[in-house]
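Asks: I have a structure here, written as structure tokens, and I will follow up with some questions on it.
The values are calculated or read from the model by the stated rules, or taken from the named source; none is laboratory data. These figures come from a predicted structure and were not determined experimentally. A quick note on method: Cβ atoms are made from the backbone with ideal geometry, for glycine too, and the neighbour counts reach across all protein chains shown. Remember, those area values only see protein heavy atoms, side chains included, never the ligands or the DNA or RNA. Shrake-Rupley method; radii C 1.70, N 1.55, O 1.52, S 1.80 Å.
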Amino acid sequence: MPVSTEQKQWIKATIPALEQGGEALTTHFYKLMFSKYPVTASFFNPAHQQKGTQPRALANAVLAYAKHIDNPAVLMNAITLIVNKHVALGVKAEHYPIVGECLLQAMKEVLGEAATTEIIDAWAAAYGQLADILINAEASLYAKQAMSTGGWEGQRAFTIAAKEQESELVTSFYLKPADSQTIMAFKPGQYITLHLNINGAKVMRNYSLSDSPNGTHYRISVKREEGGVVSTHLHKHLQVGDTVQLSPPCGEFVLNEGTEPVVLITAGVGLTPAIAMLKAAAGKREVHFVHACKNIAQHSFKALSDQLCQQHHNVHTRYVYENVDGLLKQQTLIEHLPGNAHVYFLGPVPFMSTVKTLLGKMGIPAERQHFEFFGPAQAI
């Protein structure tokens with residue numbers, strides 16, 4: 001059922017409350033959902049809950065939906081991002097009633113008397129409308145993946161064919177299909193989802209594909225995070241010959257297929273999708289690769305990017321080591337920003353915020369700036 005004009009007015013009437021207390025609402029929502037339906041916890045990274053980034057991202061999404069309830073099409077880019085993340089994690093239609101139930105209950109409990117029958121009914125209709133949009137889009141993507149050459153739906157067994165240390169913190173895992181059959185192609189910049197069982201708990205994590213499409217294997221490159229349950233498990237316990245389960249490649253942060261110059265600006269482990277882009281673009285178009293990290297010991301894939309730079313006259317590299325050069329400076333970007341370039345940047349949130357600010361000062365149009373978060377979306 002479409003949201004009525006009257007219901008849209010009730011939705012918009014909640015905007016001030018969402019602006020003031022949206023994060024409290026979504027924090028309560030997650031606690032409520034995990035308590036009533038513990039199985040849903042496996043879809044989320046606990047670190048993002050503890051840091052508050054997941055509730056904050058949902059609060060911003062709910063607020064944006066309320067503000068654009070008259071024209072949800074404005075949010076299509078955000079919806080496409082959500083669809084890809086949901087499909088990567090295996091979210092299905094049967095999960096939506098759980099979310100709707102807990103979200104409405106959280107609204108009643110957090111908003112109190114302000115959560116009138118009219119407002120709850122309006123949000124129930126609005127949620128139903130959004131759920132239908134997402135369910136249909138996700139069903140279409142699931143079908144597309146399953147019908148692709150080498151594609152599949154759900155989980156597929158892959159064997160760890162090799163482990164290679166790329167730096168003092170990052171190790172690459174080469175993953176080949178256990179059935180030795182064809183694997184689905186992907187676009188440089190996409191990611192896969194790893195499904196693991198660690199100490200009896202099911203966990204899922206998205207990892208960027210750090211190699212260009214090759215038809216034989218997928219490669220992920222994982223940073224060892226202090227206290228990170230999954231990264232520690234991968235680095236210390238998974239060995240060559242072990243089997244893991246993967247969902248098909250997903251993601252909209254991909255290299256465009258034009259011939260215009262490309263600038264890749266990364267920091268730390270943020271270079272993983274950029275390496276796939278660099279390999280795919282080398283020799284085909286002008287590429288500038290600017291990478292920042294703390295020191296040379298933490299610089300992953302340096303030999304590879306140096307090799308590509310030597311082999312192709314149109315590949316240019318610039319490395320910024322914090323212990324030698326300090327932080328990334330605007331002048332460095334000026335030197336590596338040819339006209340009409342598409343700029344892709346990824347790394348820690350403060351780094352991305354700095355890059356976005358510098359690009360704005362340099363007059364780079366928003367439509368030529370492309371970025372993605374490894375975790376929940378945040379303001380930069």
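Asks: Among (1) 2.02; (2) 1.04; (3) 0.94, only one was calculated for this model; which label is it, if the read-out is Cα Rg over 2.2 N^0.38 Å?
Replies: The calculated read-out lines up with (2).
Asks: Something else about it: Please compute the per residue accessible area over the range 66-217 with all protein chains in place, 1.4 Å probe, rounded to a whole number of Å². Please report the intermediate quantities before stating the final value.
Replies: On the way: 7100 Å² over 152 residues.
Accessible area per residue, the range 66-217: 47 Å².
Asks: If you don't mind, another one. Per-residue accessible area for Leu255 at 1.4 Å probe radius, Å² rounded to 10?
Replies: About 20 Å², rounded to the nearest 10.
Asks: For the range 289-299, take each phi angle, set θ = phi - 60°, evaluate the Karplus expression 6.51 cos²θ - 1.76 cosθ + 1.60, and give the result in whole Hz per residue in order, putting x for glycine and proline.
Replies: Couplings: 10, 10, 10, 10, 7, 5, 6, 5, 5, 9, 8 Hz.
Asks: Counting Lys and Arg as +1 and Asp and Glu as -1, what is the net charge of the other residues whose Cβ lies under 15 Å from the Cβ of Tyr37?
Replies: Values: positive: Lys31, Lys36, Lys92, Lys202; negative: Glu94, Glu101.
Result for the neighbourhood of Tyr37: +2.
Asks: Considering the options Ser167, Pro348, Met204, tell which one lies farthest towards the positive end of the dipole of the chain, charges being +1 on Lys and Arg and -1 on Asp and Glu at the Cβ, about the Cα centre.
Replies: Going by the charge dipole, the pick is Ser167.
Asks: Kindly provide the pair-distance distribution of the range 299-380 built from C-alpha pairs, with 10 Å bins from 0 and whole-percent values in order of increasing distance.
Replies: 14, 43, 38, 5
Asks: Is there a quick way to get the dipole size of the range 1-152? I mean about its Cα centre, with the Cβ of Lys and Arg at +1 and of Asp and Glu at -1; what is the value in debye to the nearest 20? Write down the numbers at each step before the final one.
Replies: On the way: 11 positive and 12 negative charges, 107 e Å.
My answer is approximately 520 debye.
Asks: At a threshold of 8 angstrom on Cα-Cα distance, excluding pairs fewer than six apart, so keeping six or more, what relative contact order does the range 211-329 reach in percent?
Replies: Values: 133 pairs, mean separation 26.6, N = 119.
Normalised by residue count, the contact order of the range 211-329 is 22 percent.
Asks: So how many Å³ per residue does the convex hull of the Cα atoms of the range 233-380 work out to? Intermediate results must be reported in sequence, preceding the final value.
Replies: Working: hull volume 22.0 nm³, N = 148.
Normalising the Cα hull of the range 233-380 by residue number yields 148 Å³.
Asks: If you don't mind, another one. Run lengths n ≥ 4 of DSSP H only: what is the helix-derived mean residue ellipticity at 222 nm for the chain, with -39500 (n - 2.57) per run over all residues, to the nearest 500? Before the final figure, lay out the partial values.
Replies: Details: 13 runs with 165 residues, N = 380.
After summing the helix terms and dividing by residue count, I get -13500 deg cm²/dmol.
Asks: Work through the residues other than Ile119 whose Cβ is under 13 Å from its Cβ and net out their charges, Lys, Arg +1 and Asp, Glu -1. Please list the in-between numbers first.
Replies: Details: positive: Lys8, Lys12, Lys108; negative: Glu6, Glu113, Glu118, Asp121.
Neighbourhood net charge equals -1.
Asks: Greater than 31 Å separation of Cα atoms is the criterion. Which listed pairs, Lys302/Lys356; Lys51/Lys176; Lys12/Lys92; Lys176/Lys202; Lys202/Lys223, meet it?
Replies: Numbers: Lys302/Lys356 24 Å; Lys51/Lys176 34 Å; Lys12/Lys92 29 Å; Lys176/Lys202 22 Å; Lys202/Lys223 20 Å.
Table pairs above 31 Å Cα-Cα are Lys51/Lys176.
Asks: Based on Cβ point charges of +1 for Lys and Arg and -1 for Asp and Glu, what charge dipole magnitude is obtained for the range 1-57 about its Cα centre, in debye rounded to the nearest 20? It would help to have the intermediate numbers written out before the result.
Replies: Values: 6 positive and 3 negative charges, 26 e Å.
Result for the range 1-57 is approximately 120 debye, rounded to the nearest 20.
Asks: Kindly work out what percent of the DSSP beta bridges joining two residues of the chain are antiparallel, to the nearest 5.
Replies: So the antiparallel bridges amount to about 60 percent of the total.
Asks: Answer with one residue from Ile265, Ser4, Leu304: the one whose Cα lies farthest towards the positive end of the charge dipole of the chain, charges on Cβ with Lys, Arg +1 and Asp, Glu -1.
Replies: Projecting each Cα onto the dipole axis, the largest value belongs to Leu304.
Asks: Continuing with this model, one more query. Treat every Asp and Glu Cβ in the chain as -1 and every Lys and Arg Cβ as +1, leave all other atoms uncharged, and give the resulting dipole magnitude about the Cα centre to the nearest 20 debye. Mind dumping the intermediate values first?
Replies: Details: 31 positive and 31 negative charges, 132 e Å.
Dipole of the chain, to the nearest 20 debye: 640 debye.
Asks: Same structure, new question: With a 10 Å radius around each residue's Cβ, average the other Cβ atoms per peptide and rank 319-326, 75-82, highest first. Write down the numbers at each step before the final one.
Replies: Numbers: 319-326: 13.2, 75-82: 15.4.
Ranked by mean Cβ neighbours within 10 Å, highest first: 75-82, 319-326.
Asks: Just add up the charged neighbours of Gln9: K/R +1, D/E -1, any other residue whose Cβ is under 11 Å from the Cβ of Gln9.
Replies: Values: positive: Lys8, Lys12; negative: Glu6, Asp70, Glu118.
So the environment of Gln9 carries a net charge of -1.
Asks: Next question. Roll a 1.4 angstrom probe over the protein heavy atoms and tell me the percent of accessible area of the chain that is carbon or sulfur.
Replies: Numbers: 9680 of 17930 Å².
Accessible surface attributable to carbon and sulfur in the chain totals 54 percent.
Asks: Helix 117-147 against the longest principal axis of the chain: what's the angle in degrees, Cα atoms only, rounded to the nearest 10?
Replies: 40
Asks: Which residue, chosen from Gly128, Leu104, Ala47, occupies the Cα position most advanced towards the positive end of the dipole of the range 47-152, where the dipole is computed from +1 (Lys, Arg) and -1 (Asp, Glu) charges on Cβ about the Cα centre?
Replies: Ala47
Asks: Further question: Can you give the accessible area of Lys144 in Å² (nearest 10), computed on protein heavy atoms with a 1.4 Å probe?
Replies: Surface open to solvent at Lys144 totals about 140 Å².
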